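The values are calculated or read from the model by the stated rules, or taken from the named source; none is laboratory data. Computed from a predicted structure; not experimentally measured. So basically every Cβ, Gly included, is an ideal-geometry build from the backbone, and we count neighbours across all protein chains shown.
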Amino acid sequence: MIRRLIDLWKHLVEVSRYDPEKDLDRWREQLFTVIYPLALLAGLAVCADTLHTAFVEQRFLLTVAACVAYLFVMTLMSLRFVPIRARMAAGLVIFFSSVFYQSSPLVGYLFLFSLPPLIAILVSFHAALSALGANVLLFIATTYHFATFDVDLQNFGIPSLDRWILYGIVFLVLDIIVTLSFGLLTKGLAQVIALEREVRHALMEREKRLTELNTRLSEEMERRERMREELSETERKAAFYLSHDRLTNLPNRAAFLQRLSVEIMRARNRGWMFGVVSIGLDRFKHVNGMYGTAGGDAILNSLAERLRGILRDHDAIGRVGDDRFMLLFSDIARPEDMLVILPRVWETIERPFQIETQEAQVSASIGICFFPLDGTTAEALVKEAEAAMFAVKESGGGAHRFFDAKMNAEMIERVTIERKMRDAIKRDEFIPFFQPKVDRFGYLLGMEALIRWNDSEGIILPDRFIPIAEQNGTIVEIGERVLYHACRQNRQWQENGFVPKKVSVNISPFEFRSPGLVRRIRETVEKSGLDPLWLELEITESGIIRNEQDALRKLRELHEIGISLSIDDFGTGYSALSKLKDYPVDTLKIDKSFIDCVPHDKRAVTIVVSLIRLAHNLGFKVVAEGVERSEQFEFLVVHGCDQFQGYFFGRPLAASEFEHHLHSSTSSS
């Protein structure tokens, strides 16, 4: 009991422990824990006294009714789902009624007046005051009734009217005191709780406000972080565009110069050469006027992507002007290597550009220079490449130029020849000229077919285009066409009644190494209609020595077809003389470089005489090429040379002009 009272006091004092919504009910629960045992003890005492009275006075019905009422009220108080106010009211009624009823029936009757305020106090303080006022009015009306109608108060267990009034006043005063005490306590507690509710509400609002502020602060921090990231990205982009072009994202002029400086240091340390190429689009303002600025930008972007595509990993590209690009081709072994790269650059530029639904084509001027031949600093190399490019622009554009004048002339000629060569193959402009081969008596034994390019501007000699054709691989197609024309022409001469002669055709080393050589030669000869007996193929030593086993197989297959074989430029190659006897060849041709020096140079004389003897000992015929003087011819005749060829007997002539040699041969025969 004492612990319950202490808990009740703590709950009354420590109001902050209550929940604002359930605090009064919790306070009532604590108060109920005090009222319930008091009501239980008082009720048991009343029941015991009632049972005793029932046995003495034999009033069992009233006793049973009292016990049933007590049990009902106690059961009601024990049910948790019954509102706490109803359970407290029942407990207070049992407790006070039992106490006052045991004191005097009068007291019990008067206590009934305190029932409304006791119940009302459990509801609200204003209801308690109203119930108290109603009790006062009820007491006055009852007293007035007892006094006016002379009621026998003894029937109600009241000794006298004075005693009724005295006890009524006392109980009303006590009722007022209890009502005011508990009412004020409840009101104060409610106010404290309301204040706490307001404080808690204020705290909740403040927490909500703080949460909102925290949220806003977090959002602000995130916004600032995004701003920092955006600023960082902007700074990164700003730093990027300080060294790069905004349209194409290529390095700008300053960045390209820096890259060029690094390449110069690497090239110096390793002894490398590299090339710098300046590309300027021709009449680009007209392109912008025709397709608009957006179209011009699209062309520049596409060209930048294409140029990136032809670069190797260690090459570099930059946009150094509105319509100008700069390329760095690292590790160039020699200036001629640029001729392999330039066709790809031209193809990249000349390929049509797609602008929406239209196709646009542009031309360009290209300037080229080399480190360290033309310059040793980045600024100098860029300046020289651009100077060469602007020189092309001034001459009309659509071409390229090397900074070095001599090299520029050579390179331009080579590239011009290379670009024209493919069209020449399609137009079948490569034809054979024929040079006579004679014996020691001047009798025509045969002729060598020497290739010429019958260009629209005139005849082009082989030393101008054969090296280029071998470099780009077109020598295979050119050689095939010349072989056909030589065989076909020889067949036609035979059909025209001339004495059959053997025609010699050169096979270049590149062509000899190409796969399918024997098949192509067989098909070409069959197509021309010439008997292989009247065909001789001249092959250089260098063409055999590269892959001797494969070369030996091809030579044997050609010999089986019936074609004669000759080793051209004999004495200048690197073949082992011990293997020469295994070659299925018929003739050895002594190179012109040896013939030029005889008969005055003793060393040349010794070499030529030795070669003739060696060839005869191996069973080969000997042909001396490049015979231009009578003394050379006489020397060779004395030492047993079999056949002769050179300007002394006739220059290479076109087929129509060569026929007079055939006529002379026919007349002689």
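Below, the figures for the structure above:
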quantity	calculated
Only one of HIS639, HIS661 that is more than 60 Å from the chain's Cα centre (by Cα), surrounded by 15 or more Cβ atoms within 10 Å (Cβ to Cβ), more than 19 Å from ASP568 (Cα to Cα) and in contact (Cβ under 8 Å) with a residue 40 or more places away in the chain	HIS661
Some residue of region 523-539 being touching a residue at least 60 places away in the same chain (Cβ under 8 Å), in a strand (DSSP E or B) and touching an Asp or Glu at 6+ places or on another chain (Cβ under 6 Å)	yes
Residue in region 232-247 that is modelled with pLDDT of 90 or more, within 21 Å of GLU305 (Cα to Cα) and not aliphatic (A, V, I, L, M) present	no
Pairs where the first residue, in region 314-343, is among the charged types (D, E, K, R) and the second is surrounded by 19 or more Cβ atoms within 10 Å (Cβ to Cβ) and part of a loop (DSSP other than H, G, I, E, B), C-beta under 6 Å, 6+ apart	ARG319/ASP245; ARG319/THR248; ARG319/LEU250
Strands (runs of 3 or more DSSP E) contained in region 545-661 and holding at least 3 residues of a type outside the set (Gly, Ala, Ser) and within 22 Å of ILE451 (Cβ to Cβ)	564-570, 587-590, 643-645
Some residue of region 332-345 being modelled with pLDDT of 90 or more, surrounded by 20 or more Cβ atoms within 10 Å (Cβ to Cβ) and under 16 Å from ARG283 (Cα atoms)	no
Residues of region 346-359 that turn out to be in contact with a strand residue (DSSP E or B) (Cβ under 6 Å, 6 or more places away or on another chain) and either part of a loop (DSSP other than H, G, I, E, B) or modelled with pLDDT under 85 (or both), as a count	1
Residue match in region 629-641 (condition: at pLDDT below 90 and in the same structural domain as VAL438 (by TED's automatic domain parsing))	no
Test: GLY473 is under 48 Å from the mean Cα position of the chain (by Cα), surrounded by fewer than 18 Cβ atoms within 10 Å (Cβ to Cβ) and touching a residue at least 24 places away in the same chain (Cβ under 8 Å)	yes
Exclusive hit being surrounded by fewer than 15 Cβ atoms within 10 Å (Cβ to Cβ), aliphatic (A, V, I, L, M), closer than 23 Å to LYS589 by Cα and over 49 Å from the mean Cα position of the chain (by Cα), set LEU483, LEU552, LEU461	LEU461
MET273 vs. criteria touching a residue at least 24 places away in the same chain (Cβ under 8 Å) and under 13 Å from ALA385 (Cβ atoms)	no
From the options PHE353, PHE370, residue that is hydrophobic (A, V, I, L, M, F, W, C), in contact (Cβ under 8 Å) with a residue 24 or more places away in the chain, under 23 Å from GLU336 (Cα atoms) and buried (at least 18 other Cβ atoms within 10 Å of the Cβ)	PHE370
Scan of region 283-320 for residues that are of a type in the set (Gly, Ala, Ser) and within 21 Å of GLN361 (Cβ to Cβ), ordered by number	GLY289, GLY292, ALA294, GLY295, GLY296, ALA298, SER302, ALA304, GLY309
Qualifying residues in region 489-511 (those that are under 16 Å from PRO467 (Cβ atoms) and in a helix (DSSP H, G or I)) - the one farthest from the chain's Cα centre (by Cα)	PRO509
Residue pairs meeting the criteria (Cβ under 6 Å; at least 6 apart or on separate chains; first more than 9 Å from PHE353 (Cβ to Cβ), in region 287-303; second among the aromatic types (Phe, Trp, Tyr))	none
ASN490 in contact (Cβ under 8 Å) with a residue 40 or more places away in the chain and not acidic (Asp, Glu)	yes
